Amino acid sequence: MAGGVKAQALWFTGPRRIEIRQADVPAPGAGEVLVKTMVSAVSAGTEILIYRGQAPSDLLADDTLPALTGTLAFPLRYGYAAVGRVVGLGSGASEALAGRTVFAFQPHATHFTTPVGGLLSIPDTTPAESAAFLPNVETAVNLLLDGAPRVGEQVAVLGQGTVGLLVTALLARLPLASLVAADGFALRRQASLSLGAHACLDPADDDTTHEMHLLLQGDRLYPGADLTYELTGNPSALDLAIGVTGIGGRVVIGSWYGTKRAAPDLGGRFHRGRIRLISSQVSSLAPELSAAWTTGRRLSFALSLVPILPLARLISHRIPFQQAATAYRMLDEDPEQAIQVLLTYEDD
């Protein structure tokens with residue numbers, strides 16, 4: 001391919017400021033391809049923290065993804081769920097890739113050049129929109145690996161954003177004694193029930209902790225969750241997570257709070273109940289899993305789940321890339337309206 005292309009790229013330029021800027025995308029070199037983006041998924045967690053200016057500015061964007069260089073200081077590009085079509089081949093790239101639909105961990109942009117090794121080929125039977133969920137599915141898989149739910153356990157999931165709903169959907173496939181979720185938004189509570197939660201409560205209700213205990217115990221002798229997932233993105237939810245967890249239970253913290261802080265109550269219930277707090281983050285695997293699991297194995301397994309999970313029902317908005325600022329504004333100001341927001345790109 002003789003030359004590169006003019007592309008449009010999304011930039012976070014300051015708190016609550018988004019710009020679409022022209023970018024020169026180089027022609028693919030040896031072992032590289034040029035991809036035209038079809039759809040990309042917006043993270044209502046990490047990206048909204050960045051959008052609000054609540055991400056630590058000195059933190060590396062992601063030292064495991066080559067496309068995300070530098071820190072989280074403004075101005076920066078971000079995003080990690082792009083699905084597109086290969087429209088250019090560099091030397092050494094297989095001709096079989098031409099025209100293929102592929103997934104890449106790339107920031108939001110109309111085009112990008114990337115090494116072939118940074119791509120995942122998407123089966124023709126898998127919609128591009130579904131493939132854009134791959135990072136969230138992988139995160140959900142990682143959360144189950146870290147929580148290690150057991151047959152017959154009582155499990156609570158706090159937070160039913162996209163990742164929380166995917167965790168609920170995967171847990172619902174296991175023979176659990178009870179699966180109870182909580183979220184502050186009615187749209188997400190409805191989705192949670194449709195994916196298999198036995199109940200989904202509003203954490204703002206005064207009797208939520210008591211009600212969750214009743215639902216997690218039923219007629220059994222062991223009150224409280226054996227395993228609780230905290231996926232709200234709100235550090236104050238840690239108290240609810242500890243409050244609904246039973247003796248010897250595990251609390252898996254999948255939220256990233258950015259610069260937000262809270263003082264969790266680590267008093268009597270936590271201390272006497274021997275409750276364990278477990279950090280879960282998808283950029284790495286728990287050391288105890290490293291003998292059998294690699295990030296490649298995890299990603300491959302997540303990709304196998306994409307066609308069988310009901311992902312289309314989680315898409316609440318499709319917003320043209322050029323109107324991306326409205327997507328972030330909505331997720332910031334009116335999050336109760338959304339589950340998963342996708343940015344769409346014109347096919348020219």
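The values are calculated or read from the model by the stated rules, or taken from the named source; none is laboratory data. Keep in mind that what you see is a predicted model, and the values were worked out from it rather than measured. Virtual Cβ from ideal backbone geometry, glycine too; neighbours counted across all protein chains shown.
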Output for Cβ contacts, cut-off 7 Å, separation at least six or different chains, first residue of a type in the set (D, E, K, R) in the stretch 274-287, second loosely packed, with under 13 Cβ neighbours inside 10 Å, reads ARG274/GLY248
In the set ALA327, ALA312, the lone residue that is farther than 29 Å from ARG173 by Cβ and assigned by TED's automatic domain parsing to the domain that holds VAL39 is ALA327
**Request:** State whether one or more residues within the stretch 79-88 are under 18 Å from the mean Cα position of the chain (by Cα), in contact (Cβ under 8 Å) with a residue 60 or more places away in the chain and within 30 Å of LEU285 (Cβ to Cβ).
**Result:** yes
Checking LEU166, LEU144, LEU187 in turn, the sole residue that is surrounded by fewer than 23 Cβ atoms within 10 Å (Cβ to Cβ), more than 17 Å from VAL251 (Cβ to Cβ) and outside the structural domain of ALA324 (by TED's automatic domain parsing) turns out to be LEU187
Picking from LEU240, LEU165, LEU214, LEU187, the residue that is touching a strand residue (DSSP E or B) at 6+ places or on another chain (Cβ under 9 Å) and under 22 Å from ARG276 (Cα atoms) would be LEU240
If we ask which residues in the stretch 81-99 are under 18 Å from PRO127 (Cα atoms), in contact with a helix residue (DSSP H, G or I) (Cβ under 6 Å, 6 or more places away or on another chain) and part of a loop (DSSP other than H, G, I, E, B), their number turns out to be 1
**Item:** Test result for ILE18, part of a strand (DSSP E or B) and either surrounded by fewer than 22 Cβ atoms within 10 Å (Cβ to Cβ) or at pLDDT 95 or above (or both)
**Value:** yes
Among the residues of the stretch 52-69, the number that are over 18 Å from PRO15 (Cβ atoms) and either in a loop (DSSP other than H, G, I, E, B) or out of contact with any strand residue (DSSP E or B) (no Cβ under 9 Å at 6 or more places or on another chain) (or both) is 8
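Conditions (1) at pLDDT 90 or above; (2) out of contact with any Leu (no Cβ under 6 Å at 6 or more places or on another chain); (3) under 30 Å from LEU331 (Cβ atoms), marked per residue:
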site: LEU221; (1), (2), (3): no, yes, no
site: ILE242; (1), (2), (3): yes, yes, yes
site: GLY249; (1), (2), (3): yes, yes, no
site: THR259; (1), (2), (3): no, yes, yes
site: PHE270; (1), (2), (3): no, yes, no
site: GLY273; (1), (2), (3): no, yes, no
site: SER284; (1), (2), (3): yes, yes, yes
site: GLU288; (1), (2), (3): yes, yes, no
Per the filter on the stretch 325-334, residues closer than 14 Å to ILE315 by Cα and either surrounded by fewer than 17 Cβ atoms within 10 Å (Cβ to Cβ) or of a type in the set (Gly, Ala, Ser) (or both) are ALA327
Result of the Cβ filter at 6 Å on the stretch 312-328, keeping first residues that are in contact (Cβ under 8 Å) with a residue 24 or more places away in the chain and under 9 Å from LEU343 (Cβ atoms) and partners that are surrounded by fewer than 19 Cβ atoms within 10 Å (Cβ to Cβ) and of a type outside the set (A, V, I, L, M, F, W, C), at least 6 apart or interchain, is ARG318/THR344; PRO320/THR344
